[in-house]
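Shown next, in structure tokens, is the structure this report addresses.
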Amino acid sequence: TKIAVFASGSGSNFQAIQESVISGDLHAQVALVVTDKPGAFVVTRAKQFDIPVLELSPKQFNSKADYEEALVEELRALNVEWIVLAGYMRLVGDVLLSAYPNRIVNIHPSLLPSFPGKDAIGQAMEHGVKVTGVTVHFVDAGMDTGPIISQQAVEVVLNDREATEERIHAVEHDLYSKTLQSLFN
Ligand code: GRF
């Protein structure tokens with residue numbers, strides 16, 4: 001299964017996915033890494049694995065539709081079948097959604113529908129929940145609203161955001177590859 005990973009930042013989830021591909025646990029090929037933030041750390045990571053990177057700032061385009069058309073052209077040229085969002089900090093628009101119907105997934109660091117949007121871990125700490133978690137879901141036009149595919153709970157470390165975040169990321173790195181493998185079968 002040929003996939004493209006979309007990321008705006010560090011790319012630790014991209015790396016975990018690629019490591020699962022290499023280990024043989026995930027039967028897929030990351031054909032392309034796409035970033036809307038040229039120079040993001042995910043670019044460095046992708047290059048370390050010799051994976052092609054498309055660094056395209058939406059600001060270079062007149063509209064979101066134009067930006068997404070350019071993405072779709074590249075994705076089609078590489079025969080990409082699935083789009084995997086991993087810290088892609090942007091709502092997906094109609095052009096991508098209709099080019100890849102039910103073939104776009106996202107990972108979010110909370111038990112949705114709690115704490116959608118930015119800084120889900122901060123929101124959970126602020127709210128004082130004792131259990132949060134990770135969700136993998138299909139992407140629709142909303143913010144973290146699509147149908148849920150898998151979830152895993154994570155206990156909050158009291159008053160320790162860093163430790164909580166570490167736990168969440170560890171679960172993300174494990175859950176995403178497993179969920180993708182189950183979708184691709
Ligand atoms: C992850 O917590 C993911 O759930 C969220 O953004 C973060 C991306 O981290 N959507 P990374 O760039 O994969 O390290």
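Observations
- Residue satisfying all of: in region 90-143; polar (S, T, N, Q), without any contact (Cβ under 8 Å) to a residue 40 or more places away in the chain and in contact with a strand residue (DSSP E or B) (Cβ under 7 Å, 6 or more places away or on another chain); surrounded by the fewest Cβ atoms within 10 Å (Cβ to Cβ) among these: Asn102
- Failed condition for Gly133, given (1) within 19 Å of Glu172 (Cα to Cα); (2) part of a loop (DSSP other than H, G, I, E, B): (2)
- Count of region 11-50 residues, restricted to those that are assigned to a helix (DSSP H, G or I), over 13 Å from His173 (Cβ atoms), in contact with a helix residue (DSSP H, G or I) (Cβ under 6 Å, 6 or more places away or on another chain) and of a type in the set (Gly, Ala, Ser), is 0.
- In the set Lys118, Lys59, only one residue is farther than 14 Å from Gly11 by Cα, of a type in the set (Lys, Arg), more than 11 Å from the ligand (Cβ to nearest atom) and modelled with pLDDT of 95 or more; that residue is Lys59.
- So Leu78, is it more than 15 Å from the chain's Cα centre (by Cα), touching a residue at least 60 places away in the same chain (Cβ under 8 Å) and within 25 Å of Val33 (Cα to Cα): yes
- The residue that is surrounded by the fewest Cβ atoms within 10 Å (Cβ to Cβ), counting only those in region 144-182 that are under 18 Å from Phe6 (Cα atoms) and either aliphatic (A, V, I, L, M) or at pLDDT below 95 (or both), is Leu175.
- Filtered residue count, region 31-48, keeping only those that are within 13 Å of the ligand (Cβ to nearest atom) and surrounded by fewer than 23 Cβ atoms within 10 Å (Cβ to Cβ): 7
The values are calculated or read from the model by the stated rules, or taken from the named source; none is laboratory data. Nothing here was measured: the structure is a model prediction, and the numbers come from that model. Heads up, the Cβs are rebuilt from the backbone with ideal geometry, glycines too, and the neighbour counts pull from every protein chain shown.
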